[in-house]
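Colleague: Here it is: the structure, laid out below.
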Amino acid sequence: QQQVKQSPQSLIVQKGGIPIINCAYENTAFDYFPWYQQFPGKGPALLIAIRPDVSEKKEGRFTISFNKSAKQFSLHIMDSQPGDSATYFCAASMGGGATNKLIFGTGTLLAVQP
Amino acid sequence: DTAVSQTPKYLVTQMGNDKSIKCEQNLGHDTMYWYKQDSKKFLKIMFSYNNKELIINETVPNRFSPKSPDKAHLNLHINSLELGDSAVYFCASSLIRGEGANYGYTFGSGTRLTVV
């Protein structure tokens, strides 16, 4: 119940394409769903996050779609660029306070070809 | 620069040795974490501290001992290193309470530990 399942494991798109990365969860107590971007040799960096009271959130070229009934959420990258090539992680956490912890998906390695 | 900084960035050591990784954040966050990223890039939480108090301990072997001298620092000491400890260890911080609390984590750049 603590797992977050992420797919695909890897993804190759052409520049300008719209890669979509999907995540699914079981625990309905999760109430915060962030996406992180990680470049080689760097730590994950927060990209965008959503709470379950909204179905979509956009920040620049990045959009999260959230389906509460299906317990799924996805990341869309509009007009993808070679600089977007990185590993993307979805995550989930529940509750407030110090016991809050992020449970990460298994990651998606995205390659955007020029 | 405001950041989470970890030292060292690389650590190569022999089995059985004891080593420490240090982490400092100047973001004014009140909670710090250690995460382990394995060879398949899977990120798993090990520990969290809130204002110097241990909050989360995720069934990590006793050989791993975190210490938080103050809320801006969180160190990780590992005794009797084993081959399976080879991984990238990330420190992270977040602001859980008070004005601006948002649960977003800021990660350091990681420490690549190789046990030979």
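Colleague: Please report, in whole Å, how far the alpha carbons of chain A spread along each principal axis, starting with the longest.
Modeller: 42, 29, 22
Colleague: Let me know the shape class of segment B:64-116, please: from the alpha-carbon gyration tensor, a ≥ b ≥ c as square roots of the eigenvalues, rounded when a/c is under 1.5, otherwise prolate if a/b is greater than b/c, or oblate.
Modeller: Numbers: a/c = 3.76, a/b = 2.08, b/c = 1.81.
Prolate, since a/c reaches 1.5 and a/b exceeds b/c.
Colleague: Shifting gears a bit: Work out the length of the dipole vector of the protein assembly as shown about its Cα centre, built from +1 on the beta-carbon of each Lys and Arg and -1 on the beta-carbon of each Asp and Glu, and round it to the nearest 20 debye.
Modeller: For this selection, approximately 280 debye.
Colleague: With +1 on each Lys and Arg Cβ and -1 on each Asp and Glu Cβ, how big is the dipole of chain A about its Cα centre, in debye rounded to the nearest 20? It would help to have the intermediate numbers written out before the result.
Modeller: Values: 10 positive and 7 negative charges, 15 e Å.
Result for chain A is approximately 60 debye, rounded to the nearest 20.
Colleague: Now for a separate question. What number results when the radius of gyration of the protein assembly as shown, computed over Cα atoms, is divided by 2.2 N^0.38 Å? Kindly include the intermediate steps, with their values, before the conclusion.
Modeller: Details: Rg = 17.7 Å, N = 230, 2.2 N^0.38 = 17.4 Å.
So the Cα radius of gyration is 1.02 times the expected 2.2 N^0.38 Å.
Colleague: Related question: With each label point set 7 Å from Cα along the Cα-Cβ vector, what nm distance links A:Val54 and A:Gln81?
Modeller: Here the answer is 2.3 nm between the modelled labels.
Colleague: To continue, here is another question. Hey, what do the phi angles of segment A:32-47 turn into as Karplus ³J(HN,Hα) couplings, whole Hz, using 6.51/-1.76/1.60 and θ = phi - 60°, x for Gly and Pro?
Modeller: Listing the rounded values in order: 8, 10, x, 10, 10, 10, 10, 8, x, x, 10, x, x, 10, 5, 9 Hz.
Colleague: In sequence order, what are the phi-derived ³J(HN,Hα) couplings for segment B:31-44 according to the Karplus relation 6.51 cos²θ - 1.76 cosθ + 1.60 with θ = phi - 60°, rounded to whole Hz, with x for glycine and proline?
Modeller: Working through the residues one at a time gives 10, 10, 9, 10, 10, 10, 10, 7, 5, 8, 6, 6, 9, 10 Hz.
Colleague: Now, a different point. Antiparallel as a % of all DSSP beta bridges within segment B:4-115, to the nearest 5? Walk me through the numbers on the way to the answer.
Modeller: Details: 36 of 40 bridges.
Just about 90 percent of them are antiparallel.
Colleague: Extent of segment B:1-92 along each principal axis, from alpha carbon coordinates, in Å, largest to smallest?
Modeller: Principal axes ranked by extent give 36, 27, 24 Å for the Cα atoms.
Colleague: Next question, about the same structure. Quick one: go through segment B:76-116 and flag any residue whose amide nitrogen is under 17 Å from the point 7 Å out along the Cα-to-Cβ line of B:Asp18.
Modeller: Residues B:76-82 qualify, since their backbone N sits under 17 Å from the label point.
Colleague: In debye, nearest 20: dipole of segment B:4-115 around its Cα centre with unit charges on the Cβ of K, R (+) and D, E (-)?
Modeller: Details: 13 positive and 10 negative charges, 49 e Å.
I would put it at about 240 debye.
Colleague: Counting only pairs 8 or more places apart or on different chains, how many lysine pairs in chain A have C-alpha atoms closer than 27 Å?
Modeller: Close lysine pairs found across chain A: 21.
Colleague: Which ³J(HN,Hα) values, rounded to whole Hz and listed in residue order, are derived for segment B:8-18 from phi using the Karplus coefficients 6.51, -1.76 and 1.60 in 6.51 cos²θ - 1.76 cosθ + 1.60 with θ = phi - 60°, glycine and proline given as x?
Modeller: Using θ = phi - 60°, the values come out as x, 7, 10, 9, 10, 8, 8, 3, x, 6, 10 Hz.
Taken together, the values in this text are just the output of simple stated rules run on the coordinates, not laboratory data. Small disclaimer: the values here were computed from a predicted structure and weren't measured. Heads up, the Cβs are rebuilt from the backbone with ideal geometry, glycines too, and the neighbour counts pull from every protein chain shown.
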